[in-house]
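Notes to accompany the following structure.
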Amino acid sequence: MKFIFAALLCVPVAVSAADAAGAPPSENVRWRQHAEHARIVRDNWGIAHVYGKSDADAVFGMIYAQAEDDFNRIERNYLSGLGWLAQAEGESALYSDLRARLFIDVGRLQRQYRSAPAWLKSLMDAWSEGLNYYLSKHPNVRAKVIRHFEPWMALSFTEGSIGGDIETIDLGALQKFYGQSMPVPLDSARVEQAVPEEFPGGSNGFALAPARSASGHAMLWINPHTSYYFRSELQMVSEQGLNVYGAVTWGQFFVYQGFNARNGWMHTSYGGDAIDEYAETIVKKPDGLYYKYASALKKLESTRINIPFKQASGLGNRSFTVYRSHHGPIIRAENGRWIAIKLLQTPVPALSQSYLRTKTSDYASFRKTQDMRTDTSNNTVYADANGTIAYFHGNFIPKRNPAFDFSHPVDGSNPATEWQGPHAIEDTITLLNPSNGWLFNSNNWPFSAAGEQSPKAENFPRYMWIRGENPRGPHAVEVLSKLDHATLDSLIAAGYDGHLTAFDVLLPPLFAAYDALSGADPRRDDLKEAIAILRAWNKHTAADSAATAIAIFWGQGLIERNGAAARDADEPVYDYLVDKLTDAERLAGLRAALDKLRQDFGREGPAWGEINRFQRLTGDIVQPFDDARPSLPVGFAPSQWGALASFDSAKPRKTKKIYGSTGNSFIAAVDFGPTVHAKALMSGGESGDPSSPHFSDQALMFSQGRFRDVLFYPEDVRAHAERSYNP
């Protein structure tokens, strides 16, 4: 493909003194070299196709293009990752920063950068240089805190999931513990941990074997559910074998979910258990704090962490004394003991694995990156041009003594609870070319991943999966088992199938409760029309469906009133709603839902699309919504009801209408033939700038699930090019 780059990279670049103001001469030279060897082609959707002579040139160009689209999100991700967010957002971010700083140490990251492999250092160098070059070229863009990026900063954010391992730590409990001047341990103390609301999203990945497709090629469905605008969409190409397309979490220099000319991968969350908590027994002595371990006492390490924060008069500062055992930092107190958290922290290998997977070409090379075992939060659905499909449930999973229940804090004083190294991939839950010709994951357990060909739970220790089945699991099995002679369009249709499977089990008890009412019971007439609408419903979401609105408002109300009780009972909320509610509670819930609909929309049966809307007003990271401003009707539904194409909202809602803010984001269907063919869709548009034509040019398509062709090959990109330029 060298001839392509020769044509694309022939424009010389001048870096003026004004452009490079403040930059040292050596940095100025590096900027010029990278800029001369990188070319950005924007297609008619504003998507950047970045061509570089080397991988480092491609990284330089792609991060520059990302910054053009939304520098604000890039900087915020690194402020969050480094524990510097309070410098931009004030005291409200103090404990978020403290949580990050329990693990992130600048000096350690700098040392890890210096000792990193030369190839990775060159990419980190190019990454920081691309961002600094962007800031030098755009003096009107004012960074909130990071006015000069350093290459080691890339190691603070090495894995592209929404909500990394560190964010599993509850901020309320952390503040309760470290908000005191000195958290003295008391055997009688009992600190209740706040139970955060479960993130209302999810993700779906499907892979089809050649026997299931019309083309005779393997196919992949990439369907992450994240907060909207969490990732950009772009392509990276170099003369060193890089040619990858997909979703890039803002500020990172690798495609997190996507494909190259030979293979593709889709990540979902909630795989094997890679994080553990240890209950430490604290003993106070004259010379400090100790904790019990085996038959001895070990000194509890204490350090001071200073957190600067923004205030009206400048920067303030809060200092915290934090504690850690050999298991990890202390994050809360519970039942008279201190809880330490243990998680994997290997940023150089983690960043290496994230990048190297994008350059794999077949199952063997992809599996080699999986064998690095640094990915702590992802399952992976895989397909390639050789016709291989595969599934990996988790990646890094530590060996443990199965006699202990690691879903709760274990006794930190017992050496038998220690990790025993990582499991080999072949010992974890995987699938390779199942005979049924399809596999999937929807953030659920792996035991339905290939229908009858799925792994069996009894063959694995309990800690190898952390979630049970969810309503999207049976839904995926339903659509995939019927999918044959698949095309890109029929794969997309399967991914957007509207069946809300949760109501298959939730509605029959409601109908039984209604049918059991006596003829004289006033609830029989009161609820008659709503029950009739729900009985006639096919349980498929649609914009023109009143039944969808009634069912979702009823179900959401039941969860809000009973979710805490289900958590206390350690029972899935859907099982709790079916097994534990009384008839009276079900019927009262329906009346409450109808009252809410009448209150907000003037009648008890508005169409779902009248309520459920897409709106993008600003480039703010947390989007505002306004019932008085234009919006688009959406027929999709939240994933918690079994919707594969998820469209969900932030809670609590501040408007009458429901505005999507999380769910389907970047979505793609890929066919891996001799030439790769794909269709994709992005929530809203590629740019975060409201003045850009690409801020909301995909909004109507997104609200209707209408996809566009992916422009993967240079001739297609050139044919649809809107702009071509050097950084």
Residues of region 367-409 classified as open to solvent by less than 10 Å² (accessible area, probe 1.4 Å) and of a type in the set (A, V, I, L, M), total: 5
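Suppose we filter Glu715, Glu686 for residues that are in contact with a Phe, Trp or Tyr (Cβ under 9 Å, 6 or more places away or on another chain) and within 30 Å of Gly130 (Cβ to Cβ); which single one remains?
Result: Glu686 is the single residue among Glu715, Glu686 that is in contact with a Phe, Trp or Tyr (Cβ under 9 Å, 6 or more places away or on another chain) and within 30 Å of Gly130 (Cβ to Cβ).
For residues that are open to solvent by less than 50 Å² (accessible area, probe 1.4 Å) and in a strand (DSSP E or B), scanning just region 280-299, find the one that is farthest from Pro415 (Cα to Cα). It would help to see each step written out before you state the result.
Pass one, region 280-299, residues open to solvent by less than 50 Å² (accessible area, probe 1.4 Å): 280-283, 288-291, 293.
Subsequent filtering for residues that are in a strand (DSSP E or B) retains 280, 282-283, 288-291, 293.
Values: Glu280: 12, Ile282: 16, Val283: 18, Gly288: 23, Leu289: 20, Tyr290: 16, Tyr291: 13, Tyr293: 7 Å.
Selected residue: Gly288.
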Exactly one condition in (1) surrounded by fewer than 19 Cβ atoms within 10 Å (Cβ to Cβ); (2) under 20 Å from Gly271 (Cβ atoms); (3) modelled with pLDDT of 95 or more is not met by Glu452; state its number. (2)
Just checking, how many residues over region 90-106 are assigned to a helix (DSSP H, G or I), open to solvent by 60 Å² or more (accessible area, probe 1.4 Å) and without any contact (Cβ under 8 Å) to a residue 60 or more places away in the chain? 1
Evaluate the following for Gln87: is it in contact with a Pro (Cβ under 8 Å, 6 or more places away or on another chain) and open to solvent by 30 Å² or more (accessible area, probe 1.4 Å)? yes
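For region 112-139, which positions are open to solvent by 20 Å² or more (accessible area, probe 1.4 Å) and either among the β-branched types (Val, Ile, Thr) or in a helix (DSSP H, G or I) (or both)?
Initially, region 112-139 is screened for residues open to solvent by 20 Å² or more (accessible area, probe 1.4 Å), giving 112-115, 117-119, 121-122, 125, 135-139.
Listed by number, the residues that qualify are Gln112, Tyr113, Arg114, Ala118, Trp119, Lys121, Ser122, Asp125, Leu135, Ser136, Lys137.
I'd like the full set of residues that are polar (S, T, N, Q), in a loop (DSSP other than H, G, I, E, B) and in contact with a helix residue (DSSP H, G or I) (Cβ under 7 Å, 6 or more places away or on another chain), limited to region 232-271. Explain how you work it out, then say what you get.
Kept after step one, since they are polar (S, T, N, Q), are these residues of region 232-271: 232, 235, 238, 240, 243, 249, 252, 257, 260, 263, 268-269.
Right, trim to in a loop (DSSP other than H, G, I, E, B) and you get 240, 252.
Across region 232-271, the qualifying residue is only Gln240.
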Residues of region 521-539 satisfying the condition of being closer than 23 Å to Gly498 by Cβ, surrounded by 13 or more Cβ atoms within 10 Å (Cβ to Cβ) and free of Cβ contacts under 8 Å to residues at least 60 places away in the same chain: Ile531, Leu534, Trp537, Lys539
Please count how many residues of region 210-231 are surrounded by fewer than 24 Cβ atoms within 10 Å (Cβ to Cβ) and within 11 Å of Leu480 (Cβ to Cβ). 1
Regarding region 458-479, can at least one residue be identified that is under 21 Å from Ala385 (Cβ atoms) and either touching a Pro at 6+ places or on another chain (Cβ under 9 Å) or open to solvent by 20 Å² or more (accessible area, probe 1.4 Å) (or both)? no
Grab the helices (runs of 4 or more DSSP H) fully contained in region 457-534, keeping just those with 1 or more residues being under 30 Å from Ile222 (Cβ atoms) and acidic (Asp, Glu). 472-482, 488-495, 502-515
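Within 18 Å of Val348 (Cα to Cα) and either open to solvent by 20 Å² or more (accessible area, probe 1.4 Å) or assigned to a helix (DSSP H, G or I) (or both): is that true of Leu109 in this structure? Full working, then the answer.
Details: within 18 Å of Val348 (Cα to Cα): yes; either open to solvent by 20 Å² or more (accessible area, probe 1.4 Å) or assigned to a helix (DSSP H, G or I) (or both): yes.
So Leu109 passes the test.
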Quick count over region 560-596, residues being β-branched (Val, Ile, Thr) and modelled with pLDDT of 95 or more, is 1
Would you check if there is a residue in region 437-444 being open to solvent by 10 Å² or more (accessible area, probe 1.4 Å), farther than 23 Å from Ile559 by Cα, touching a residue at least 60 places away in the same chain (Cβ under 8 Å) and polar (S, T, N, Q)? no
If I filter region 560-567 for residues that are of a type in the set (S, T, N, Q), in a helix (DSSP H, G or I) and touching a strand residue (DSSP E or B) at 6+ places or on another chain (Cβ under 7 Å), do I get at least one hit? no
Considering only region 597-716, give the strands (runs of 3 or more DSSP E) lying wholly within it that have at least 3 residues that are buried (at least 16 other Cβ atoms within 10 Å of the Cβ) and modelled with pLDDT of 95 or more. 612-614, 666-672, 676-682
Can you find a residue in region 421-432 that is assigned to a strand (DSSP E or B), closer than 30 Å to Leu297 by Cβ and either in contact with a Lys or Arg (Cβ under 7 Å, 6 or more places away or on another chain) or open to solvent by 10 Å² or more (accessible area, probe 1.4 Å) (or both)? yes
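The values are calculated or read from the model by the stated rules, or taken from the named source; none is laboratory data. In this text the structure is predicted, and so the values were computed from the model without any measurement. We place every Cβ from the backbone using ideal geometry, glycine too, and count neighbours over all the protein chains shown. Protein only, heavy atoms only, side chains kept; ligands, DNA and RNA dropped before computing areas. Shrake-Rupley method; radii C 1.70, N 1.55, O 1.52, S 1.80 Å.
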